[in-house]
Amino acid sequence: MGTPADRSEIRIKHKAWVRAAHWTVTLSFFALVFTGVEILMVHPRLYWGEVGNDLTPALFELPISRNYKHGGYDNPVSFRAEAGSPVSASRTYDIFNQNGWGRSLHFLAAWLLVVTGLAYLITGLITGHFKHYIWPKLKEFTPAAFWRDFKDHLKMRIAPPAGGPQYGLLQKFTYMLVTFFALPVAVMTGFTMSPAITAAYPFLLAIFGGAQSARTIHFFASVALELFLLMHLLMIILSGFKQQIRYMTFGK
Amino acid sequence: MKRKKLVTRRTAIITGLSTLGAFLLPGCSHSSPPTYGNILRMGDWLTYNAQRTLLPEQSMAKEYNYRDISSFPATGTINPADNLFGDSSEEYAQLQRGAFADWRLTIEGRVARPGTYSMSQIQSFPSRTQITRHTCEEGWTAIGQWTGVPLASILEHAGIYPSARFVNFYSYDGWEDSIDMLDAFHPQTILAYGMNGRDLSIPHGAPLRLRVEKQIGYKSMKYLQRIVVTDEFIDIGDSGWSWYVGI
């Protein structure tokens, strides 16, 4: 038995399944972001509702790829005689499109994320990992404690790596948001863009307000996760990059 | 001791992965396209088989109201007679000059009565009209009203054999693609000759196009010329695009 001061003896290490899930999700996340940007470049316009295309107004358009705000359509033809009728127009522009590999790689990586994510969630529940390390204890959950941890972060008072899942309050809260909110929303909105899945489960379209709303929410969920990744990396660098990577890879 | 244990685990993982790899290489089954040893096509294969296994078989794609009909871009080939992105078809140009009066749809392969159908023959079948959402792989969507004959009616009329597994489509703009029997006999899978209450226009696939509502837009082929029913998957090589796109 070591003395309480002997940290290496009492330290709780990252479990092997946590480490495996962490790096598998990291790999799939990088593939998803890379192909996600490629897919967005093909049609860099985002909408709300069920419908959105080059002939309908966008919420906003991102200045990425040569498809940004291109003309490339011949004269619109009305479907009906009345004013304000929906129109058809033919595209004469050869667009940027690498979706052949982009989409397939996106879905392959999504399989990896979903399978690993489910295994992680089930193991985390069964082993009590979430209860012990991720969900903040009720007594921790006070505005004063949040404020203290927040101020410590602002002052860059970053604790040295604990070498295991003994997380700070904001850290727990962030991991909780990522695991139980942002990633599930990203997956569910992904499903909502699928014609076969929404035919089987039409409630998905109702929850997210339509296929294009789901696409827009999917985009914002990915932005949130990318911001998390940047913050996560920053915290790791500030608290000791080499040590942290070693703890998460080898457990010691 | 520790070292030995690590190697054992790694061996287990490697063995597990190679088993999974073998599982993902259904090279000879002809139940879906070959994966060509390409990891992306293996992922497509996984999605196809998982969706066919996990999703209820004949659920219907959402249908919309008349007022939901939206503007609808025509993309890809917009006229096979004057093809901006590939070879032009003189045959289609001639049919177009004759207002498609001489157009015929050929059905052959594993059917008892192969032959051709004129537009008036196709229109003599009970029609189906549906207002559905077209989901393009590019990311956009549009809602349109389609009128046509269920593909199942034509296949049954031609006397499709019970052994048939795939329906292959050939178009005037040089496309060829296929769907499985589950999609072919889906009630919303139709050969459409009308769009939004009018004859199908040339940019949208005149005179006849396919609608496969539970897959991405590129499976709904335009400018249909010929249908071939087969028992086995016809391998036209890796197009670089997923054959199954229910996702």
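Observations, loosely collected:
- Of the strands (runs of 3 or more DSSP E) lying entirely inside the range B:166-224, those containing at least 2 residues that are more than 10 Å from every other protein chain (Cβ to nearest Cβ) and closer than 28 Å to A:Pro76 by Cα span B:190-195, B:209-211.
- Checking B:Ala74 against (1) small (Gly, Ala, Ser); (2) away from chain A (no Cβ under 13 Å); (3) within 30 Å of B:Ser120 (Cβ to Cβ), the condition it does not meet: (2)
- Residue in the range B:116-128 that is touching a residue at least 12 places away in the same chain (Cβ under 8 Å), within 30 Å of A:Val42 (Cβ to Cβ) and among the β-branched types (Val, Ile, Thr) present: no
- The condition of being part of a helix (DSSP H, G or I) and either under 30 Å from A:Glu50 (Cα atoms) or within 14 Å of chain A (Cβ to nearest Cβ) (or both) holds for B:Leu40.
- Top-ranked residue in the range B:167-205 [being among the small types (Gly, Ala, Ser) and farther than 25 Å from B:Ser71 by Cβ; ranked as surrounded by the fewest Cβ atoms within 10 Å (Cβ to Cβ)]: B:Gly174
- Of residues in the range B:77-101 being assigned to a helix (DSSP H, G or I) and within 25 Å of A:Gly71 (Cα to Cα), the one nearest to the other protein chains (Cβ to nearest Cβ): B:Asp82
- Scanning the range A:58-110 for residues that are of a type in the set (Val, Ile, Thr) and outside any loop (DSSP other than H, G, I, E, B) yields A:Val77, A:Val87.
Residue by residue, here is whether (1) under 24 Å from B:Phe85 (Cβ atoms); (2) within 13 Å of chain B (Cβ to nearest Cβ); (3) without any contact (Cβ under 8 Å) to a residue 60 or more places away in the chain holds:
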site: A:Leu46; (1), (2), (3): no, yes, no
site: A:Thr56; (1), (2), (3): yes, yes, yes
site: A:Pro76; (1), (2), (3): yes, yes, yes
site: A:Phe96; (1), (2), (3): yes, yes, yes
site: A:His129; (1), (2), (3): no, no, no
site: A:Thr142; (1), (2), (3): no, no, yes
site: A:Trp147; (1), (2), (3): no, no, yes
site: A:Phe150; (1), (2), (3): no, no, yes
site: A:Lys155; (1), (2), (3): no, no, yes
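- All positions within the range A:186-202 that are away from chain B (no Cβ under 11 Å) and farther than 20 Å from A:Leu59 by Cα: A:Val187, A:Met188
- When the test is whether a residue is assigned to a loop (DSSP other than H, G, I, E, B) and surrounded by fewer than 18 Cβ atoms within 10 Å (Cβ to Cβ), B:Gly237 passes it.
Here, each number is a calculation from the coordinates, and none is a lab measurement. As the structure is a computational prediction, the values presented were derived from the model and not from experiment. Glycine also receives a Cβ, built like all others from the backbone with ideal geometry; neighbour counts cover every protein chain displayed.
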